[in-house]
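This report refers to the structure that appears directly beneath it.
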Amino acid sequence: MTNALQLSVPDGVPFIDFSREIDFPVADVFEAHRNPELIVQWLGPRGMEMEIDHYDFITGGSYKYTHTGPDGVPYDFTGIFHTVRENEFAIQTFEFSGYPDVVSIESISFEDLGNGRTRLSGRSVYPTQEARDGMASSGMEGGMSEGYDRLEELLATRTQETTAQEAS
């Protein structure tokens, strides 16, 4: 993809910032974050299978899903959506079963750049510097980059399908 993930892991603070431009409209990008049928098609690195127990991307909703790698090892994730504002913003908690008792608070903004483009910007705040450093060294950047590449691929396919349906 032409739009690289920008990840910032500043020294001495327990947070990670990211941004990524997506060549699709905010409404499409937001829907891909809201709809569990779409989430399973893009969230996480390639080669992982994703199974969703539940995923309610609404204020007060929650989620639980599992990524399973080619080696059969499952990775469970859970959280609560504290605030969701359509096409604009979300705040959630995030907990990975591999690091029990470490819950981060994450925010993501959906910014309309015009011309059918979106900027995603987010911050993950961890309870300790050690927890933040562990997440930063876990392969997070590669997984996020692959996931957002997959998101753009999914949105391109959906756009092509819609265009083909309208033409017929």
Residue in the range 153-168 that is touching a residue at least 40 places away in the same chain (Cβ under 8 Å), closer than 15 Å to Asp17 by Cα and outside any loop (DSSP other than H, G, I, E, B) present: no
Search result, residues across the range 40-68 that are out of contact with any Asp or Glu (no Cβ under 8 Å at 6 or more places or on another chain) and not in a strand (DSSP E or B): Gln41, Leu43, Gly47, Met48, Asp56, Phe57, Ile58, Thr59, Gly60, Gly61
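Each row is one residue, and each column tells you yes or no for (1) at pLDDT 95 or above; (2) surrounded by 14 or more Cβ atoms within 10 Å (Cβ to Cβ).
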| residue | (1), (2) |
| --- | --- |
| Glu37 | yes, no |
| Gln41 | yes, yes |
| Gly47 | no, no |
| His54 | yes, no |
| Tyr63 | yes, yes |
| Gly69 | no, no |
| Thr78 | yes, yes |
| Ile91 | yes, yes |
| Ala136 | no, yes |
Residue match in the range 139-158 (condition: surrounded by 15 or more Cβ atoms within 10 Å (Cβ to Cβ) and over 20 Å from Ile39 (Cα atoms)): no
Every pair of residues 6+ apart whose Cβ atoms lie under 9 Å, when the first sits in the range 48-72 and is more than 26 Å from Glu88 (Cα to Cα) while the second is among the aromatic types (Phe, Trp, Tyr) and surrounded by 12 or more Cβ atoms within 10 Å (Cβ to Cβ): Met48/Tyr75; Glu51/Tyr65; Thr66/Tyr75; Thr66/Phe77; His67/Tyr75; His67/Phe77; Thr68/Tyr75; Gly69/Tyr75
Only one of Gly61, Gly47 that is of a type outside the set (Phe, Trp, Tyr) and out of contact with any strand residue (DSSP E or B) (no Cβ under 9 Å at 6 or more places or on another chain): Gly47
Every residue from the range 1-39 that is closer than 11 Å to Thr118 by Cβ, of a type in the set (Phe, Trp, Tyr) and either over 13 Å from the mean Cα position of the chain (by Cα) or in a loop (DSSP other than H, G, I, E, B) (or both): Phe24
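The values are calculated or read from the model by the stated rules, or taken from the named source; none is laboratory data. Just so you know, these numbers come straight off a predicted model, no measurement behind them. So basically every Cβ, Gly included, is an ideal-geometry build from the backbone, and we count neighbours across all protein chains shown.
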